[in-house]
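Taking it in order: structure first as structure tokens, then the write-up.
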Amino acid sequence: MPAARHWRIVGIAARGDVALHTLQLFDGDTRRDAGATLTATHAHVAGALAALQDADAGSSCTFARAAATSAGFALVFDLGSALNV
């Protein structure tokens, strides 16, 4: 994975609301998002963004379908000082 401070997840297709349980950034077997800040361009309707990085499949963050499938939707990792690639 090339060194970069920001990584974005875009282009979600869905038939209903989007409930995510885990979202982590890996380089091979090495997790790269530990210590990174995760933000979203649209508000979630349930849960918390922090739930996506806690490695607990029982917690979640839900986005309305209209938000998650819009052209401007993105989940953004800011590795900042956590950048270690």
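Rolling a 1.4 Å probe across the protein heavy atoms gives the chain an accessible surface of 57 Å² per residue. Using the Cβ of D33 as centre and a radius below 11 Å, the other residues enclosed give a net charge of 0, where K and R count +1 and D and E count -1.
Remark: the range 11-27, residue by residue, has Karplus-estimated 3J(HN,Hα) of x, 7, 10, 8, 9, x, 4, 9, 10, 9, 9, 8, 9, 9, 10, 10, 10 Hz, where x stands for each Gly or Pro and the curve is 6.51 cos²θ - 1.76 cosθ + 1.60 at θ = phi - 60°.
Here the translational diffusion coefficient of the chain follows from Stokes-Einstein with Rh set to the Kirkwood radius across Cα pairs; for 4 °C and 1.567 mPa s it amounts to 97 µm²/s.
In the complete set of protein chains, residue-level accessible area for R5 is approximately 120 Å², probe 1.4 angstrom. Choose one of F26, S70, H44: the residue whose Cα lies farthest towards the positive end of the charge dipole of the chain (beta-carbon charges +1 Lys, Arg; -1 Asp, Glu; about the Cα centre). Projecting each Cα onto the dipole axis, the largest value belongs to S70. Under conditions of 25 °C and 0.890 mPa s, the range 1-41 yields 198 µm² s⁻¹ as its translational diffusion coefficient, taking Rh as the Kirkwood radius over Cα pairs in the Stokes-Einstein equation. What a 1.4 Å probe finds exposed on the chain is 51% carbon and sulfur by accessible area, rounded to a whole percent.
In order along the range 55-63, phi translates into HN-Hα couplings of 6, 10, 5, x, 9, 8, 9, 10, 10 Hz, rounded to whole numbers, per the Karplus curve 6.51 cos²θ - 1.76 cosθ + 1.60 with θ = phi - 60° and x for Gly and Pro. The calculated FRET efficiency for A46 paired with H6, based on their beta-carbon distance and R0 = 35 Å, is about 0.85. Relative contact order, whole percent, for the chain stands at 47, derived from Cα pairs under 8 Å and 6 or more residues apart. Note on the chain: GNM, Cα springs under 10 Å; of T30, T69, T41, the largest mean-square fluctuation is that of T30.
The values are calculated or read from the model by the stated rules, or taken from the named source; none is laboratory data. What you see is a predicted model; the values in this text were computed from it and never measured. For neighbour counting, all protein chains shown are included, and Cβ atoms are generated from backbone atoms with ideal geometry for every residue, glycine included. Surface accessibility is based on the protein's heavy atoms, side chains included, excluding ligands, DNA and RNA. Shrake-Rupley method; radii C 1.70, N 1.55, O 1.52, S 1.80 Å.
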